Amino acid sequence: MLEISGKHPERSDEELLLQFVKSGKLDPLGELYSRYMHLVYGVALKYLGNREDARDVVMQIFEKLISDLPEHEVRNFKSWLYVLTKNHCLMQIRARKSTEGRLEGYKIEQQFMESDQEMHPIDREEHSLEEALKECIEQLKAEQRQCIELFYYQKQCYQEIAVQLGMNELKVKSYLQNGKRNLKICLEKKNVR
């Protein structure tokens, strides 16, 4: 039997999602997201193992939803949100491991150097290459830059990138090829090979 109360019936996930996508207003998205914030927090805590990082992810995912939801056709919000959160956490872990690996390599290198004042010429060249590469990546068109960063730095495959950026795999491949070509041209202009 249906109970009658003073409240309006709760709107479904689909209704709230559709309202957000059509209007762009944050109220329906906020209502929808509040239903699943505990899920996002739990997934983030499971993968990152740190309460503060998990709280940060809750905010980051909400911001990501604002830009990503209109780009995707989402049939089951809860499942889609779970996958989005898991992938976001995995990317953070990869980035953290990459940074930690570089720092660890640097610490070991420092232990074996006679003087940390003067670095070996090879190390200086690698540093300038890395800096030049960063500058060149920043100069790429947005789509090329995103595809390059996701493919090479976050180790995502074409399909993952396509889903994340809301484009087909052929576009991803094209952006990667053009991005690599533009990076090569940029590095050559900087006399870095």
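Here, each number is a calculation from the coordinates, and none is a lab measurement. Note that this is a predicted model, so its numbers are computed, not measured. Neighbour counts run over all protein chains shown; Cβ positions are idealised from the backbone, glycine included.
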Taking the square root of 5λ for each eigenvalue of the C-alpha gyration tensor of the stretch 10-112, the equivalent ellipsoid has semi-axes, largest first and in whole angstrom, of 35, 13, 10
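Can you give the charge dipole size of the stretch 125-193 about its Cα centre, rounded to the nearest 20 debye, using +1 on the beta carbon of Lys and Arg and -1 on the beta carbon of Asp and Glu? Each step should come with its number before you reach the end.
Values: 12 positive and 11 negative charges, 70 e Å.
Approximately 340 debye in magnitude.
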The size of the Cβ-based charge dipole (Lys, Arg +1; Asp, Glu -1) of the stretch 38-96 about the Cα centre, to the nearest 20 debye, is 280
Could you check the simple spin-label distance between Glu169 and Arg181, using points 7 Å along Cα→Cβ, in nm with one decimal? 2.2
Stretch gain in nm, segment Lys64-Lys46, where the contour uses 0.36 nm per residue and the Cα spacing is subtracted: 4.5 nm
HN-Hα couplings for the stretch 83-88 via Karplus (6.51, -1.76, 1.60; θ = phi - 60°), in whole Hz with x for Gly/Pro, come out as 5, 4, 5, 4, 5, 4
Loop-resident sites, the stretch 19-73, for GluC sites (Glu not before Pro), counting at most 16 other Cβ within 10 Å (DSSP): Glu73
Per-residue ³J(HN,Hα) for the stretch 150-161, Karplus 6.51 cos²θ - 1.76 cosθ + 1.60, θ = phi - 60°, Hz, x for Gly and Pro: 5, 6, 8, 8, 9, 6, 8, 7, 3, 5, 4, 5
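Taking Rh as the Kirkwood radius computed over C-alpha pairs, what is the Stokes-Einstein D of the stretch 125-193 at 20 °C in a medium of viscosity 1.002 mPa s, expressed in µm² per second? Walk me through the numbers before you get to the answer.
Values: Rh = 12.2 Å.
After rounding, the answer is 175 µm²/s.
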Report the extension gain between Leu90 and Lys78 in nm, rounded to one decimal, defined as 0.36 nm multiplied by the number of residues separating them, less their alpha carbon distance. 2.5 nm
